[in-house]
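The values are calculated or read from the model by the stated rules, or taken from the named source; none is laboratory data. Note that this is a predicted model, so its numbers are computed, not measured. So basically every Cβ, Gly included, is an ideal-geometry build from the backbone, and we count neighbours across all protein chains shown. Note: areas computed on protein heavy atoms with side chains; ligands, DNA, RNA excluded. Shrake-Rupley method; radii C 1.70, N 1.55, O 1.52, S 1.80 Å.
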Amino acid sequence: MIVAIVVTFFLLTPFSICQGSPSFNQVKNFKNEADNLQTKLNRIVGEYNFAYNEYVEIVCAEKKSEEKLKKLKKELRTREEALNLRLKAIYMHEKLSFLHVLMDSTDFNDFLSRFYVCEKISARDAKVINEAKRLRIEFQKENRDMEVKRIHQRALLDRLSKKQKEMEGKFEKAKTLLSGVEKSPQVKSRIIKGVRIKCFPVANPYAYGNSWLAPRKGHRHQGCDVFAAKGTPCYACVSGRARISHSHNGGKSIYLNGDDGDVFYYMHLNGFAVTDGHVEAGQVIGYVGDTGNARGGACHLHFEVHPKGGKAVNPYPVLRGVG
Ligand SMILES: [Zn+2]
């Protein structure tokens with residue numbers, strides 16, 4: 001992370017770049033500032049992920065409520081139509097003053113109650129009325145619940161937008177802090193959880209948490225989101241064949257088929273630095289963005305790891321091993 005780069009910078013970067021040899025205190029202050037910034041970024045990303053998960057859950061719950069309301073509405077209409085027919089029949093054949101009862105009632109429930117107490121109503125009619133009444137109460141309750149969910153959803157969107165702005169501000173600050181630092185990634189072969197990886201897929205500064213299997217619309221998250229400013233370079237984490245792709249959810253994406261057989265997905269890119277073909281570990285292949293279904297949210301790289309091209313596994317430990 002930032003700290004690793006900072007230490008590397010002061011150990012390896014020619015002094016000419018930083019206009020003379022930095023003092024021990026300068027190095028210490030710089031490191032402290034970078035550490036503080038990284039801690040804040042990690043916290044913000046954690047809060048953002050938490051709010052986002054809650055947001056997805058509420059959107060899914062709202063969708064279920066909408067479906068339930070639709071079903072209830074249909075059922076209620078059928079019951080009310082049946083009830084109307086019965087009321088008409090009672091009015092026509094049993095000489096009940098339908099209009100009198102109707103005009104005196106204050107609302108639909110009152111209207112039903114009036115009929116319910118009417119001795120002319122048979123047990124079968126009472127059943128129809130009770131069922132319509134139950135459905136209407138259920139419908140009203142579901143409608144209220146839905147409104148609560150919508151309010152909660154709006155509050156979460158507000159929170160997400162605040163966190164996103166906070167994150168963007170911190171990334172800008174971190175970029176300024178690291179502006180003189182050498183940009184090339186550290187390439188070193190490592191095997192983590194059976195997956196060979198040579199460098200972190202995103203350039204500094206970045207922040208991420210374990211978002212594997214977090215709730216998503218209709219499925220569980222199959223990758224790990226690495227947050228960074230829009231346009232931050234993405235590195236090939238291994239040498240292999242890159243294939244660029246565009247999809248509705250993934251937006252601009254790269255599938256990197258490693259020379260060892262492991263496959264890595266890079267999604268929501270802002271742009272590509274390569275075309276289809278072989279790339280080397282550490283080479284810039286694309287740039288962090290918010291394309292696909294990440295549009296409007298905080299810019300991040302959705303990173304997936306598929307050992308030997310099979311099912312996705314949690315990239316978090318793999319990423320932790322290199323960044
Ligand atoms: Zn993702």
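Values as computed for the structure displayed
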quantity	calculated
Residue tally, condition of a type in the set (Ser, Thr, Tyr) and open to solvent by less than 10 Å² (accessible area, probe 1.4 Å), over the range 233-256	1
Qualifying residues in the range 287-323 (those that are under 13 Å from LEU256 (Cα atoms) and touching a Pro at 6+ places or on another chain (Cβ under 8 Å)) - the one surrounded by the fewest Cβ atoms within 10 Å (Cβ to Cβ)	GLU304
Residue within the range 238-252 that is of a type outside the set (Phe, Trp, Tyr), within 28 Å of ILE44 (Cβ to Cβ) and in contact with a Phe, Trp or Tyr (Cβ under 6 Å, 6 or more places away or on another chain) present	no
Residue list for the range 26-58, restricted to those being in contact (Cβ under 8 Å) with a residue 24 or more places away in the chain, among the charged types (D, E, K, R) and farther than 14 Å from SER211 by Cα	LYS31, GLU33, ASP35, LYS40, GLU57
Number of the exception - VAL195 against (1) aliphatic (A, V, I, L, M); (2) within 16 Å of the ligand (Cβ to nearest atom); (3) open to solvent by less than 10 Å² (accessible area, probe 1.4 Å)	(2)
Unique residue being of a type in the set (D, E, K, R) and part of a helix (DSSP H, G or I) when the list is LYS188, LYS183, LYS162	LYS162
Some residue of the range 257-264 being within 16 Å of the ligand (Cβ to nearest atom) and buried (at least 22 other Cβ atoms within 10 Å of the Cβ)	yes
Whichever residue in the range 67-89 is surrounded by 13 or more Cβ atoms within 10 Å (Cβ to Cβ) and of a type in the set (Asp, Glu) and, among such residues, is farthest from PHE227 (Cα to Cα)	GLU80
Residue check for SER122: at pLDDT below 95, more than 16 Å from the ligand (Cβ to nearest atom) and over 30 Å from GLU80 (Cβ atoms)	no
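Matching residues to (1) farther than 25 Å from ASN293 by Cβ; (2) more than 15 Å from the chain's Cα centre (by Cα); (3) among the hydrophobic types (A, V, I, L, M, F, W, C); (4) within 16 Å of the ligand (Cβ to nearest atom):
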residue	(1), (2), (3), (4)
GLN153	no, no, no, no
LEU156	no, no, yes, no
TYR206	no, yes, no, yes
SER211	no, no, no, yes
PHE227	no, no, yes, yes
ILE254	no, yes, yes, yes
